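S.K.: Dumping the structure here so I can ask a few things about it.
The values are calculated or read from the model by the stated rules, or taken from the named source; none is laboratory data. Quantities reported herein were computed from a predicted structural model and do not represent experimental measurements. Glycine gets a Cβ as well: all are built from the backbone with ideal geometry, and neighbour counts include every protein chain shown.
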Amino acid sequence: MSGTFISFEGIDGAGKSTHIEALSAAFVAQGRVVTRTREPGGTPLAERLRTMVLNDAMDPMTEALLVFAARRDHIVQVIRPALARDELVLCDRFTDATFAYQGGGRGFDWALLSTLEQWVQGGDTLLQPALTIWFDLPPAVAAARLTSARVPDRFEAQPQAFFEQVAAGYGRRFAADAQRFARIDANQTPEQVWLDVLAAVRQKGLLP
Ligand code: TMP
């Protein structure tokens, strides 16, 4: 596999979207073919699973299994083929979100999530992003940003305490594999956040 896989993470309200779009444009300007995608989602089946996960009541294990089922379809149908074509894959959330939301937020068993990660992303090599850009924002700041947002889904509707747990989950993933992550202080102006994103991508040698 020869392409490059980059994921974007952070609690709801951390402000990933505009930067993913800008980064995509920066890569296209360099002549790269970019596959922009998201999780849960990215295929017709995974998008249907996304609608269920974001809207239907379910227990934590069902939720964890559904996000991994969506991921499996996404990897098989979209991510691995795009990497095999030497493309750049920009994915709005990946498995760190499962550890953060289902593991941290819902308190679902961390070791079991690791087993599912091995099953779903395994093969000759374990599929992981080359770089994960983590938009790190205090949950209180994110909560203030989200109050004006659209009708909240099952996650956005959670109290701030839930997002404290999610943030702790991201912190745990970061601590276990720090060299994969670029931790960006998202509590800055969008312009400064963008400069930090760009610097992180350049430091990895992915943009000149
Ligand atoms: P989004 O709004 O950034 O597209 O993310 C959808 C929601 O799904 C967000 O609240 C985080 C949540 N989520 C999980 O709970 N587990 C996962 O594995 C993923 C990828 C997302």
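S.K.: Just to verify a result, which residue in region 1-40, among those that are part of a loop (DSSP other than H, G, I, E, B) and of a type in the set (V, I, T), is nearest to A182 (Cα to Cα)?
M.R.: I11
S.K.: Also, I was wondering about something else. Could you please give the count of residues in region 154-168 that are part of a helix (DSSP H, G or I) and touching an Asp or Glu at 6+ places or on another chain (Cβ under 8 Å)?
M.R.: Number satisfying all stated conditions: 2.
S.K.: Any idea which of Q121, Q179 is modelled with pLDDT of 95 or more, in contact with a Lys or Arg (Cβ under 9 Å, 6 or more places away or on another chain) and of a type in the set (S, T, N, Q)?
M.R.: Q121
Quick grid of which residues meet (1) closer than 18 Å to F155 by Cβ; (2) touching a Ser or Thr at 6+ places or on another chain (Cβ under 8 Å):
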| position | (1), (2) |
| --- | --- |
| I6 | no, yes |
| A14 | yes, no |
| V33 | no, no |
| T43 | no, no |
| A46 | yes, no |
| D56 | yes, no |
| M61 | yes, no |
| V67 | yes, yes |
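S.K.: Going through region 139-153 one residue at a time, which ones are in a loop (DSSP other than H, G, I, E, B) and surrounded by 14 or more Cβ atoms within 10 Å (Cβ to Cβ)?
M.R.: Step one: of region 139-153, the residues in a loop (DSSP other than H, G, I, E, B) are 147-153.
Correct list: D153 only.
S.K.: Among the residues of region 55-82, what is the count of those that are among the small types (G, A, S) and more than 10 Å from the ligand (Cβ to nearest atom)?
M.R.: Number of matching residues: 3.
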